[in-house]
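Okay, structure first, notes after.
Nothing in this text is a laboratory measurement; each read-out follows from the coordinates by a stated rule. Worth saying up front: this structure is predicted, and the values here are computed from it rather than measured. We place every Cβ from the backbone using ideal geometry, glycine too, and count neighbours over all the protein chains shown.
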Amino acid sequence: MSIYTPNFCPRCGTELEPDEFDGDTRGYCSVCETHVFHLPSPAAGVVVLDDDRVLLIQRDRPPFEGQWELPAGVIEHGETPREAAARELAEETTLDVAPDALTLTKSGGHALGATGKGGEKNKNSSDSDVFVVETTFAVSRSETTGEPTAGGGERAARFWPLAEIRPALRPGEHERIHHSTQALDS
Ligand SMILES: [Zn+2]
């Protein structure tokens, strides 16, 4: 199992052999007698809404350094998507929320580094081999506790008026915010 195209067995290190299986060419480890699948990378994020304002973090590293995005990150082993979204919110903004308070608003997938129309391309070419499956949740500010403060890996964390922040948003984020505002309104 690998989020990159696998060439070697992650269990024993043996070079994989191409094998027709399940309608596609897969890598096969003759030592472990198993196929090694090219898996997606799961991620989760949360849109915290306070009337017409949305909670965003400012990236402190490439790609998209200095641009604003939703609190989000990779789902760790043993976590559900909503647990991961709540953890990322706490790590990146210090706001706390109960995982069960989150409303599922969107699930989607995209190549890592794919940025939507006309966006800046991710410079790391190996990233295009990674397919991110992302789950987005929404929650009202009133369901969270604490004051937003940038976590260790972020430059800033704050609420922004939706109309004001759009030009500084990382590509693709506006659509996720839009889905969430609709979900909490309905
Ligand atoms: Zn093996």
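Sort segment 45-185 into rounded, prolate or oblate with this rule: let a ≥ b ≥ c be the square roots of the eigenvalues of the Cα gyration tensor; rounded if a/c is under 1.5, and if a/c is not under 1.5, prolate when a/b is larger than b/c, oblate otherwise.
Taking the square roots of the gyration eigenvalues as a ≥ b ≥ c, segment 45-185 is rounded.
Between Met1 and His38, what is the label-to-label distance in nm when each label sits 7 Å out along the Cα-to-Cβ direction?
That separation, rounded to one decimal, is 1.8 nm.
For the residues Leu49, Leu70, what sequence is obtained by ranking on other C-beta atoms within 10 Å, fewest first? Intermediate values should be presented prior to the final figure.
Values: Leu49 23, Leu70 26.
Taking fewest neighbouring Cβ atoms as first place, the list is Leu49, Leu70.
If you fit an axis through the alpha-carbon atoms of helix 81-93 and take the longest principal axis of the Cα set of the chain, what angle between them do you get, 0 to 90°, nearest 10?
That works out to roughly 60 degrees.
In nm, give the distance between the simple-model label positions of Asp52 and Leu162, each being 7 Å from the Cα along the Cα-to-Cβ direction.
Going by the 7 Å Cα→Cβ label model, 1.0 nm.
Gap in Å between the Cα centre of segment 152-186 and the Cα centre of segment 20-36?
42 Å
In the chain, what percentage of the DSSP-assigned beta bridges are antiparallel, given to the nearest 5?
So the antiparallel bridges in the chain amount to around 75 percent.
Give me the one-decimal nm value for the distance between modelled label points at Asp129 and His77, 7 Å along each residue's Cα-to-Cβ direction.
Spacing of the two 7 Å Cα→Cβ label points: 2.1 nm.
How large is the charge dipole for segment 32-112, taken about the Cα centre, if only the Cβ atoms of Lys, Arg (+1) and Asp, Glu (-1) carry charge, to the nearest 20 debye?
The dipole magnitude comes to about 240 debye.
Which ordering of Leu95, Leu56 is given by a fewest-first count of other beta-carbon atoms within 10 Å?
Ascending number of Cβ neighbours within 10 Å: Leu95, Leu56.
How long is the gain from His178 to Leu104 if the chain were fully straight, where each residue apart is worth 0.36 nm and the alpha carbon distance is subtracted?
Working: separation 74, 0.36 × 74 = 26.64 nm, distance 1.32 nm.
Computed gain between His178 and Leu104 is 25.3 nm.
Which far-off residues, 5 or more places away or on another chain, put their amide H under 5 Å from the one on Arg26, with H placed in the peptide plane?
Hits under the 5 Å cutoff: Asp19, Glu20, Phe21.
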